[in-house]
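Below is one structure; the comments refer to it alone.
The values are calculated or read from the model by the stated rules, or taken from the named source; none is laboratory data. Since this is a predicted model, take the numbers as computed values, not measurements. Heads up, the Cβs are rebuilt from the backbone with ideal geometry, glycines too, and the neighbour counts pull from every protein chain shown. Note: areas computed on protein heavy atoms with side chains; ligands, DNA, RNA excluded. Shrake-Rupley method; radii C 1.70, N 1.55, O 1.52, S 1.80 Å.
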Amino acid sequence: MKIVVDWDRCEANGVCVRAAPESFHLDDKDQLHVLTESVPSELRAKVEKAIRGCPKQALSLSEE
Ligand code: SF4
């Protein structure tokens, strides 16, 4: 599973970073970075929580 970000929707509010800090990072310019594009199974639950919590619906998982 791969994390997909809709960059047109992301407003860099950091909700996903708080839910899954292993997978998402906001830099000092408020740019979001995906740290684990391919999601290891042990992080899957946290990443799904981050996806559900994104207020802009900017995150999804692809099957790739
Ligand atoms: S929670 Fe959504 S809008 Fe906020 S930084 Fe993450 S992807 Fe962007």
Simple SL model, points at 7 angstrom along Cα→Cβ for His33 and Glu11; separation in nm is 2.5 nm
Given unit charges at Cβ for Lys, Arg (+) and Asp, Glu (-), the dipole magnitude of the chain about its Cα centre in debye, nearest 20, is 280 debye
Taking every other residue with Cβ under 14 Å from the Cβ of Glu64 and scoring Lys and Arg +1, Asp and Glu -1, one gets -1
Rounded to a whole %, the carbon-and-sulfur portion of the accessible area of region 1-56 at a 1.4 Å probe is 47 percent
Largest-first ranking of Lys46, Lys29 by accessible area, probe 1.4 Å, whole protein assembly kept, is Lys29, Lys46
Note on the chain: contact order normalised by length, alpha-carbon pairs under 8 Å, 6 or more apart, percent, works out to 49 percent
Taking only the alpha carbons of the chain, the radius of gyration and the largest Cα-Cα distance, Dmax, both in angstrom, are 10.5, 31
Averaged per residue, the 1.4 Å probe accessible area of the chain, protein heavy atoms only, in Å², is roughly 65 Å²
Expressed in square angstrom to the nearest 10, the accessible area of Glu48 with a 1.4 Å probe stands at 60 Å²
For the chain, longest principal axis from Cα atoms; helix 44-53 axis from its Cα atoms; angle between them, nearest 10 degrees, is 40 degrees
Accessible-area order for Arg52, Arg44, largest to smallest, probe 1.4 angstrom, reads Arg52, Arg44
